[in-house]
1. From the set of residues in the stretch 360-381 that are within 39 Å of the chain's Cα centre (by Cα) and open to solvent by less than 60 Å² (accessible area, probe 1.4 Å), which is farthest from S305 (Cα to Cα)?
2. Condition (residue is outside any helix (DSSP H, G or I) and out of contact with any Gly (no Cβ under 9 Å at 6 or more places or on another chain)) applied to the stretch 252-260: is it met by at least one residue?
3. Looking at the stretch 363-383, which of its residues are without any contact (Cβ under 8 Å) to a residue 60 or more places away in the chain, at negative phi and of a type outside the set (A, V, I, L, M, F, W, C)?
4. Restricting to the stretch 91-115, what's the tally of residues that are over 24 Å from N227 (Cβ atoms) and either of a type in the set (D, E) or touching a Cys at 6+ places or on another chain (Cβ under 6 Å) (or both)?
5. Find the residue count for the stretch 9-44, including only residues that are closer than 22 Å to I198 by Cα and under 27 Å from the mean Cα position of the chain (by Cα).
6. List the strands (runs of 3 or more DSSP E) that sit entirely inside the stretch 164-215 and contain at least 3 residues that are hydrophobic (A, V, I, L, M, F, W, C).
7. For the condition at pLDDT 85 or above, of a type in the set (K, R) and open to solvent by 70 Å² or more (accessible area, probe 1.4 Å), what is the one hit in K314, K345, K331, K296?
8. N224 is checked against (1) touching a helix residue (DSSP H, G or I) at 6+ places or on another chain (Cβ under 8 Å); (2) not in a loop (DSSP other than H, G, I, E, B) and fails just one. What number does that condition carry?
Amino acid sequence: MNKKAIADIRKRFKLDTDLLKITNIYNVYIRQEGNEIYHEVSQPFAMLDREQQELFLNNFKKVLGGKLDAKLFEVKFRRQTEEQEDHTQKLLYDALHADEVADWKEGMQRIAEKMVQDVQYEKDIVITFIRGNYYKPTKRGSEEAEIAARDEVYKNPFILCSMNQTVEPKRALVFDFNEKEFKSSFIADPIINLTSPIGGFLFPTFTDNAADVNHILYSAGKANKPNYHFIENVLNGEEIMTADEDKVVFEEIVRSITGNEINTRTLASVYDEIQRMMEVDEEQEEEESIPTLDTKEVTRVLKASGVENVDTEKVERAFRNVIDDDTYELKASHIVPSYTSKSIKIETKVANISISPQDLRYVRQVEVNGKRCILIEVEEDTVIEGFTILSEDILE
């Protein structure tokens, strides 16, 4: 499921639309000190008042917000074993196609029970499940054309889950207009924080307008901090790698090959090569191909960038040493997520410098009077705190 597909379904979570219809909502309240369902309620989504509907719709959009492989992760289900009677893929699939609301609710209840097994939450939580249908016009075009062609749509049943913490209400000072006096006010009811979901998922994922029931879109509470216990034990999903982890793996592989030493021109060329891969991918976006770097592609990139003594065997050995898998494929977008805005950090004891990958070629490490210095080539005067810095000829 790519970012465009996620963005399309995400923008449909709004009032009074005929392109996304939520049929049922099921809320489960879990007490902090317990590991069982404290309260539950299931009802048609249309029975909620409009204010509640809008609060929940904004919450569901939050679940589907964030970058792929940083906050959102397409997780592949592990194979179900004979011993697993409550495999989440089967529970979701059966619930998705259940004719009776009670059967759908039972499936969601079993998933909610899995969420509280062997877990101690810091606060009370509310787990919300919805099911509905997401409609996507078969033809592309303007908004007017889309409205006219809504009799030709892809119908996609889906289930979405949102997990939210409760927060304790704060004591406040209020003014009583009837008695004309100041009073302290304290509401005892916990507030459900719908603005910052701590997790959730969408099932199934959608690729080329087709449902993929072998994958689930998992949403983490914070970027690059997925709940691995949740993925493995609740979703029964396979292991995932975050974008940050992928980038670290690539850097370790390059260090292993180059002996931990590389000049800035070569490093800049490496990023240039990867950026070219991404630009080709953008031109072929209709095919939804994701540029990846396997051992052969890493070998090609390093050779093209001027790294010496590189061959496939050496790269395969580096993959095995770093990640214990010479068939692993790194996503190019993880290494250079945004070539125009992603900064490379140059860290020293004196100062930390951030620079864009394409400008790395203007940085050198040189020796001046026996001391190691960082030299940055600039085309204009350097201004610090409003002062134009005078040029000094210190190279002898």
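The values are calculated or read from the model by the stated rules, or taken from the named source; none is laboratory data. Only a predicted model underlies this, so the values are computations on that prediction, with no experimental measurement involved. Here Cβ is always computed from backbone atoms with ideal geometry, including for glycine, and neighbour counts include all displayed protein chains. When the accessible area is computed, the model is the full protein with side chains, heavy atoms only, and any ligands, DNA or RNA have been set aside. Shrake-Rupley method; radii C 1.70, N 1.55, O 1.52, S 1.80 Å.
1. C373
2. Going residue by residue through the stretch 252-260, those that are outside any helix (DSSP H, G or I) are 259-260.
Checking which are out of contact with any Gly (no Cβ under 9 Å at 6 or more places or on another chain) leaves us with 259-260.
Yes, the conditions are met somewhere in the stretch 252-260.
3. Answer for the stretch 363-383, where residues must be without any contact (Cβ under 8 Å) to a residue 60 or more places away in the chain, at negative phi and of a type outside the set (A, V, I, L, M, F, W, C): E367, K371, R372, E377, E379, E380, D381, T382.
4. The number of residues fulfilling the criteria is 5.
5. 15
6. Numbers: elements: 172-176, 181-185, 199-203, 205-207, 210-212.
Counting at least 3 such residues, we get 172-176, 199-203.
7. Matching residue, one of K314, K345, K331, K296: K296.
8. (2)
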